[in-house]
Amino acid sequence: MILFLSLLGFVLASIFVYLRGKYNELYWKKRGVKFHGQNKFMGIFWDFITQNRPLFQIVRELYKQYPNEPAVGFGALFTPSLYVRDKNNVQFIMQSSSFVDRGFDYNDGDQLADNVLFMNGIRWKLMRQKMTPLFTPTKLKNMYYIMDKSGRDFIEYLENNPEKRKGNTFDTLTTFCCAAIGGAVFGIGSKSTFESPFLECTRGAFYPTFWSNLRFSLSNLSPSLFKMLNLKFFKEYEEFFIGAMKQVFRQREQEGTKKHDFADICLSLQKSGEMKHESGFKMEPTDELLAAQGFFFFTAGVEPAATAVFGALIELGRHPEIQKKVQKEIDEVFEKYQNQLTADAVSEMEYLEKVLNESLRVHPPIGFLTRRCVEDTVLPVGNIKIEKGTKVYTPIYDYHHDPQYFKDPEVFDPERFTDEAKQEMACIGARYAKLQVKSGLAHILRNFDVKTEVHKGGIKFGKDQVQLRMKNVDVEYIPRKVKFS
Ligand code: HEM
């Protein structure tokens, strides 16, 4: 009997997988869109769950496999899903009000996921509006001294701990980024601490495990099943993070001092009462809601920022002539400002800016973006009808490595960046992140030469969801022979 029931279950499940896969295929064929036939039921997510590769590499295959298609549909269980390849279509998506949602779904009670990256619709609009004032140029200038201090403390840390100068470079860089964002945005700690519980929290929250990757895939494949199972992304970090943020808020209230940082913005929001959007939508700025924004800022300030520093160091360690040139510029600015860097001093390092732009091109910390359609629309190239609820995936890594957009894309050439506009993205923290990354690079390269070691088999990537985590490569810090006064 058990055997019979198992067999019946298997047969029914197979029929369901076949029929749903067929439905997914017909869905796109009916719209005149090429369909990626490999695993019609779960498409790229099946490969992601079953293979040891990051999702961006799996998505990359669609880019390479369908060079002449404006977009390619793929099976994703119950969610109509489309990989949009054509640049005009991507531009349309990024500017259209039909695609305002990123399409991340999270369940009620997943308090830290209720942040500006994950939020959708009017909640997102209101939250984004309230958080944008954190990174005005004046605020960044005021915060700079903290980033600078973290940079100097990081050098002292490397000097006092020679074992940190070789091996696990990325992890060591996350300690600098954590200290910088912790100090600059949250006012946490007066001496940069390089082993902090905040770091453990941000490292853990986005660290790819079988379970976190499965949960992420399910949230893309079937938001309703994800809801039904009441899955949570960041539950295990709530107690620590919200507790710590509450402490920061209360302490700041007692001190009554203004630092113009994230904590100050939070307190002034709470003082003003309910947050209101012009549409009439309202939200209460509770400690929990504000802590969730802080949580995302923290994780954004650590992982992608450390990847940006790491990518630049890898390339400089492989190109000694470029390294020398950027060190010469850094030395000149340090000397001009008597070793006291300011935000303006850092912005005088134009070649460093080019080096960073080029390394962000070669090693973007995020491999692709997603959006969800919120009202029926049509993509201009290919005249593709898109229904509300469709999830679209758009390339970053692939554009950066396509000779159509960048001549000899695998060549590291900072001189190709003369145009700021090419680096635009929907990132509130972009200006902050660039300053933090450049400040870290300036201090490191002022004090150390770097040498890159790519282990046998070349650079590899961790099995991540949207980030790029480079593996099998390390950078060694070698104290510079020149001694400065
Ligand atoms: C080098 C470091 C960073 C990189 C490469 C990066 C990259 C990105 C990208 C590509 C997006 C757009 C996502 C999309 O459109 O779907 C984004 C959004 C965002 N980033 Fe960053 N980011 C970095 C650092 C930061 C930092 C330090 C913060 C804050 C402290 C931050 C805050 C945000 C926020 C709040 C959003 C969402 C904006 C919105 O909803 O409109 N990022 N980031």
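Results, tabulated for the structure shown:
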| quantity | calculated |
| --- | --- |
| From the options Leu435, Leu445, residue that is near the ligand (Cβ under 10 Å from one of its atoms), aliphatic (A, V, I, L, M) and within 18 Å of Asn357 (Cβ to Cβ) | Leu435 |
| In the stretch 218-232, the residues that are open to solvent by 20 Å² or more (accessible area, probe 1.4 Å) and either in a loop (DSSP other than H, G, I, E, B) or under 12 Å from Phe186 (Cα atoms) (or both) | Leu229, Asn230, Leu231, Lys232 |
| Residue within the stretch 32-44 that is assigned to a helix (DSSP H, G or I), closer than 22 Å to Leu225 by Cβ and without any contact (Cβ under 8 Å) to a residue 24 or more places away in the chain present | no |
| Residue match in the stretch 1-9 (condition: open to solvent by 70 Å² or more (accessible area, probe 1.4 Å) and either closer than 16 Å to Arg371 by Cβ or among the β-branched types (Val, Ile, Thr) (or both)) | yes |
| Unmet criterion (only one of (1) within 16 Å of the ligand (Cβ to nearest atom); (2) more than 27 Å from Ile122 (Cα to Cα); (3) open to solvent by less than 70 Å² (accessible area, probe 1.4 Å)) for Ala244 | (1) |
| Flag if Gly167 is in contact with a strand residue (DSSP E or B) (Cβ under 8 Å, 6 or more places away or on another chain) and either touching a residue at least 60 places away in the same chain (Cβ under 8 Å) or assigned to a loop (DSSP other than H, G, I, E, B) (or both) | yes |
| Among residues of the stretch 134-153, those that are among the basic types (Lys, Arg) and open to solvent by less than 70 Å² (accessible area, probe 1.4 Å), counted | 2 |
| Number of positions in the stretch 474-484 that are within 19 Å of Leu313 (Cα to Cα) and surrounded by fewer than 16 Cβ atoms within 10 Å (Cβ to Cβ) | 4 |
| Subset of the stretch 252-284 [under 25 Å from the mean Cα position of the chain (by Cα) and outside any helix (DSSP H, G or I)] | His260, Asp261 |
| Any hit, the stretch 128-137, residues being assigned to a helix (DSSP H, G or I), of a type in the set (A, V, I, L, M) and within 12 Å of the ligand (Cβ to nearest atom) | yes |
| Elements of type strands (runs of 3 or more DSSP E) in the stretch 293-400, at least 1 residues being hydrophobic (A, V, I, L, M, F, W, C) and within 16 Å of the ligand (Cβ to nearest atom) | 368-372, 391-395 |
| From Ala442, Ala421, residue being in a helix (DSSP H, G or I) and modelled with pLDDT of 95 or more | Ala442 |
| Residue list for the stretch 74-95, restricted to those being over 14 Å from Trp28 (Cβ atoms) and either within 15 Å of the ligand (Cβ to nearest atom) or modelled with pLDDT under 95 (or both) | Leu77, Phe78, Val90, Gln91, Phe92, Ile93, Met94, Gln95 |
| Among (1) at positive phi; (2) out of contact with any helix residue (DSSP H, G or I) (no Cβ under 7 Å at 6 or more places or on another chain), the one test that His260 misses | (2) |
| Candidate set from the stretch 116-126 (those that are more than 8 Å from the ligand (Cβ to nearest atom) and under 20 Å from the mean Cα position of the chain (by Cα)); member that is least open to solvent (accessible area, probe 1.4 Å) | Phe118 |
| Matching residues in the stretch 249-270 - criterion: being out of contact with any Pro (no Cβ under 9 Å at 6 or more places or on another chain) and either closer than 12 Å to Pro285 by Cα or of a type in the set (S, T, N, Q) (or both) | Gln251, Gln254, Thr257, Leu267, Ser268 |
| So Phe249, is it open to solvent by less than 30 Å² (accessible area, probe 1.4 Å) and either under 17 Å from Asn107 (Cα atoms) or out of contact with any strand residue (DSSP E or B) (no Cβ under 8 Å at 6 or more places or on another chain) (or both) | yes |
| Lys235 vs. criteria over 25 Å from Thr138 (Cα atoms) and among the charged types (D, E, K, R) | yes |
| The stretch 453-473: number of residues that are more than 16 Å from the ligand (Cβ to nearest atom) and open to solvent by 30 Å² or more (accessible area, probe 1.4 Å) | 10 |
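One line per residue, one yes/no per condition, for (1) over 21 Å from Gln129 (Cβ atoms); (2) at pLDDT 90 or above:
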site	(1), (2)
Leu225	yes, yes
Met228	yes, yes
Phe262	no, no
Ser272	no, yes
Glu278	no, yes
Pro285	no, yes
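The values are calculated or read from the model by the stated rules, or taken from the named source; none is laboratory data. Note that the structure is a prediction, hence the values are computed from the model and not measured. Every residue, glycine among them, receives a Cβ derived from its backbone with ideal geometry; neighbour counts consider all protein chains shown. These area figures cover heavy atoms from the full protein model, side chains too; ligands, DNA and RNA do not enter into them. Shrake-Rupley method; radii C 1.70, N 1.55, O 1.52, S 1.80 Å.
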